[in-house]
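Peer 1: This structure is in structure tokens; I'll ask about it shortly.
The values are calculated or read from the model by the stated rules, or taken from the named source; none is laboratory data. Keep in mind that what you see is a predicted model, and the values were worked out from it rather than measured. Methodologically, a virtual Cβ is constructed for each residue, glycine included, from the backbone with ideal geometry; neighbour enumeration extends over all protein chains shown.
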Amino acid sequence: MILEVCGITKTFSLGLEKVEALRGIDLALTQGEFVTVIGSNGAGKSTLLNVIAGTCRPSRGRVRIAGRDVTRWPAHRRARWIGRVFQDPLRGTAAHMTLAENLALALRKGPRGLGLALSHARRRLLAEALAPLDMGLEGRLNERVAHLSGGERQAVTVLMATLSRPMLLLLDEHTAALDPANADKVLEITERLVKENGITTLMVTHRMDQALRTGSRLIMMHKGRVQLDLRGERKQGFTVDDLVGLFRKVGVTDDELLLGQQPLKEATA
Amino acid sequence: MTLFLHAVEQGLIYGLMALGVYVSFRVLAFPDLSVDGTFPLGAAVAAALIIGGWDPFLASLVALGAGMVAGAFTGILATKFRIQGLLAGVLTMIMLYSLNLRIMGRPNLPLLGRPSALTAAMQALHLPPSWGLVLVAACLALGCKLLLDLFFHTELGTAMRATGNNPDMVQALGINPETMVILGLALSNGLVALAGALVAQYSGFADVGMGVGTIVAGLASVIVGEMLLRPRTVLWATAAALLGSCLYRGAILVALRYGGALGFTASDLKLLTALVVLGALVAPAIRARLRGEEA
């Protein structure tokens, strides 16, 4: 097992109110699985990813990566095995540094030494890694990342998250803030890099069609629990209408579903 | 001409302090007030050791080390104990005030007639007193600048720069942002303390009050340099800090010499410096509002 999540609960205190974001999650991912996660707002998808990444400590339960219990490990230590892409394209790169410097930081995980960050050999390596993105970025290595568009920055972030070939890739609605064309492009890049490197992946998405089309397994979350776990042929046979029906059954209103399908930008506007 | 030489001389020596402030304020985006304590700490350590018969070069190096320890202390307060950055710096600064008095034994230590690292270097190289000191100061400041440039292009240095820019990303890439802040503040305050040690030897005394306003003077240097050079790379940014420092010291020397005619006294300097920094900090917001953008 690459990832094992056992009996995870997470309760946030908001003043006197207690919010149960996760109410007992059990999940196991085998090598090479590509799992998509859907759920209405507040289902606990992002909290689950944060618990796995280590930026959020669970109230109860254990997280194991490749058999090792990492529940008490800080996020930066787990990051050696985990690649992460956030929804906001600005969060994945350092805007004031050059494209080459950003990528060089992602070549190797863990503590850094006093070797030069960029050599000629490394520049060539990075240009070669950028070329397949087909965005012309290999010629812009010395440009500051701030000059890149949102789609370009997110594509670079996906590349950075996979460059060191981590065991696990966590994607938190990483195409939701992009326009449809860029969202498709970034998803296509993601699928190719995941496949090439054989990385086990957990992808949260708002779009049911995307969740059904992508990956080998689909999980539906609702109110802090896993409601549905679809694999293989069963997943292939499922339609968006089937999913909507299931959401209705667990008490999600059409309004919440509609809201859930919008990119977050519009939903919060 | 002598005024110009003195401005460059002092600007370069104080420039090490400006480089230190650049590291904390710009690279780490950490407004570190401990420099008001580490600048006199460097002076106190070096002065006490030189009076105790130490070699001035060795004494200056020990001062640098003392500054690094103090900087790391602020970093630990801010990260491991989650004390707000500004408060962590103020706490270190106040602790150092008492500590500096203990190191010196009294509020002021004169160093007249004692060996100085700067003059010793000048004599060792057989340089004439007229411009020898400027050359020594220039070699020292440029050497520190180049070492800093080099460091910020290593894996560790780029990780440190990314930490000030985007701590989330740094953490996701397997780097501990807390370690970067502690190391960065150690580096910054080491430079500031070294500047303090050299200023004490240059001006012939160490004084417990000589650190007041160090952060503002450092910020003024960094900001003035940036306004002139508009740096886009580390190499230019460190050059800007040194240039800003020279201009700032020049402005002070001019104000001290000719300010009297305009009714200024030396005690007005801190007010004027703070106004320069204030102006530079509010200028972007005012410009944005004039353009009709929301603040």
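Peer 1: Looking at A:T200, A:T205 in this structure, which one is in contact with an Asp or Glu (Cβ under 8 Å, 6 or more places away or on another chain), modelled with pLDDT of 95 or more and not acidic (D, E)?
Peer 2: A:T200
Peer 1: Based on what the data block shows, is A:R57 basic (K, R) and within 19 Å of A:L168 (Cα to Cα)?
Peer 2: In short, yes.
Peer 1: Looking at A:T11, is it of a type in the set (S, T, Y) and in a strand (DSSP E or B)? Even if it seems obvious, please write down each step before you answer.
Peer 2: On the way: of a type in the set (S, T, Y): yes; in a strand (DSSP E or B): yes.
Answer is yes for this residue.
Peer 1: Identify all residues within region A:195-213 that are within 18 Å of A:G151 (Cα to Cα) and in a helix (DSSP H, G or I); write none if there are none.
Peer 2: Within region A:195-213, A:Q210 is the sole residue that qualifies.
Peer 1: Now a separate question. Let me confirm something: among B:V282, B:V276, which residue is in a helix (DSSP H, G or I) and under 21 Å from B:A7 (Cβ atoms)?
Peer 2: B:V276
Peer 1: Go through region A:82-111 and give me each residue that's facing chain B (nearest Cβ under 9 Å), surrounded by 21 or more Cβ atoms within 10 Å (Cβ to Cβ) and in contact (Cβ under 8 Å) with a residue 60 or more places away in the chain.
Peer 2: Matches in region A:82-111: A:I82, A:G83, A:R84, A:V85, A:F86, A:G92, A:T93.
Peer 1: If A:E152 passes every condition in (1) within 11 Å of chain B (Cβ to nearest Cβ); (2) under 25 Å from A:E191 (Cβ atoms); (3) in a helix (DSSP H, G or I) but one, which one does it miss?
Peer 2: (1)
Peer 1: While we're looking at this one, here's another question. So B:F205 passes all but one of these: (1) under 29 Å from B:I51 (Cβ atoms); (2) surrounded by 18 or more Cβ atoms within 10 Å (Cβ to Cβ). Which condition number does it fail?
Peer 2: (2)
Peer 1: All but one of (1) in contact with a strand residue (DSSP E or B) (Cβ under 8 Å, 6 or more places away or on another chain); (2) more than 14 Å from chain B (Cβ to nearest Cβ) hold for A:E17; which doesn't?
Peer 2: So A:E17 meets the others, but not (1).
Peer 1: List the number of the failed condition for B:H126; all other conditions in (1) over 18 Å from B:G204 (Cβ atoms); (2) of a type outside the set (F, W, Y); (3) assigned to a helix (DSSP H, G or I); (4) at pLDDT below 95 hold.
Peer 2: Failing condition for B:H126: (3).
Peer 1: Looking at (1) more than 14 Å from B:T158 (Cβ to Cβ); (2) surrounded by 23 or more Cβ atoms within 10 Å (Cβ to Cβ), which is the only condition A:L125 fails?
Peer 2: (2)
Peer 1: Right, here's the next one. Please work out if B:S188 is under 19 Å from B:L28 (Cβ atoms) and either within 19 Å of the chain's Cα centre (by Cα) or more than 14 Å from chain A (Cβ to nearest Cβ) (or both).
Peer 2: yes
Peer 1: Residue check: is B:L243 in a helix (DSSP H, G or I), aliphatic (A, V, I, L, M) and surrounded by 12 or more Cβ atoms within 10 Å (Cβ to Cβ)?
Peer 2: yes
Peer 1: Are there any pairs with C-beta distances below 8 angstrom linking a residue in region B:221-232 that is surrounded by 23 or more Cβ atoms within 10 Å (Cβ to Cβ) to a residue that is part of a helix (DSSP H, G or I) and polar (S, T, N, Q), with the two at least 6 apart or on different chains, and if so which?
Peer 2: Hits for this filter: B:S221/B:S245; B:G225/B:S245.
Peer 1: Tell me, which helices (runs of 4 or more DSSP H) lie completely within region B:1-115 with 2 or more residues that are of a type in the set (F, W, Y) and farther than 18 Å from B:G184 by Cα? Spell out the reasoning first.
Peer 2: Numbers: elements: B:2-21, B:35-51, B:56-79, B:85-104.
The helices (runs of 4 or more DSSP H) meeting that bar are B:2-21.
Peer 1: Any idea which residue in region A:37-63 is nearest to the other protein chains (Cβ to nearest Cβ), counting only those that are surrounded by fewer than 20 Cβ atoms within 10 Å (Cβ to Cβ) and part of a loop (DSSP other than H, G, I, E, B)?
Peer 2: The residue in question is A:T55.
Peer 1: Suppose the filter is crowded, with 21+ Cβ neighbours inside 10 Å, within 13 Å of chain B (Cβ to nearest Cβ), in a helix (DSSP H, G or I) and in contact (Cβ under 8 Å) with a residue 12 or more places away in the chain; does A:A161 pass it?
Peer 2: In short, yes.
Peer 1: In region B:159-173, is there at least one residue being assigned to a loop (DSSP other than H, G, I, E, B) and either touching a strand residue (DSSP E or B) at 6+ places or on another chain (Cβ under 6 Å) or within 13 Å of another protein chain (Cβ to nearest Cβ) (or both)?
Peer 2: The answer is yes; a qualifying residue exists.
Peer 1: Right, something else. B:G105 - would you say it is in contact (Cβ under 8 Å) with a residue 40 or more places away in the chain and buried (at least 22 other Cβ atoms within 10 Å of the Cβ)? Give the derivation first.
Peer 2: Numbers: in contact (Cβ under 8 Å) with a residue 40 or more places away in the chain: yes; buried (at least 22 other Cβ atoms within 10 Å of the Cβ): no.
No: the conditions fail for B:G105.
Peer 1: Determine which member of the set A:E138, A:E143, A:E152 is within 28 Å of A:A177 (Cβ to Cβ), buried (at least 19 other Cβ atoms within 10 Å of the Cβ) and of a type in the set (D, E).
Peer 2: A:E152
Peer 1: If a residue has to be modelled with pLDDT of 95 or more and either within 13 Å of the chain's Cα centre (by Cα) or not small (G, A, S) (or both) to count, how many in region B:234-257 make the cut?
Peer 2: Looking only at that region, the number is 10.
Peer 1: For region A:64-81, how many residues are in a loop (DSSP other than H, G, I, E, B), within 8 Å of another protein chain (Cβ to nearest Cβ) and either among the charged types (D, E, K, R) or surrounded by fewer than 22 Cβ atoms within 10 Å (Cβ to Cβ) (or both)? Talk me through it step by step, then tell me what you get.
Peer 2: Taking region A:64-81 and keeping what is in a loop (DSSP other than H, G, I, E, B), we get A:66-67, A:70-74, A:79-81.
Of the ones still in play, those that are also within 8 Å of another protein chain (Cβ to nearest Cβ) are A:74, A:79-80.
This time we only want the ones that are either among the charged types (D, E, K, R) or surrounded by fewer than 22 Cβ atoms within 10 Å (Cβ to Cβ) (or both), so: A:74, A:80.
Qualifying residue count for the region: 2.
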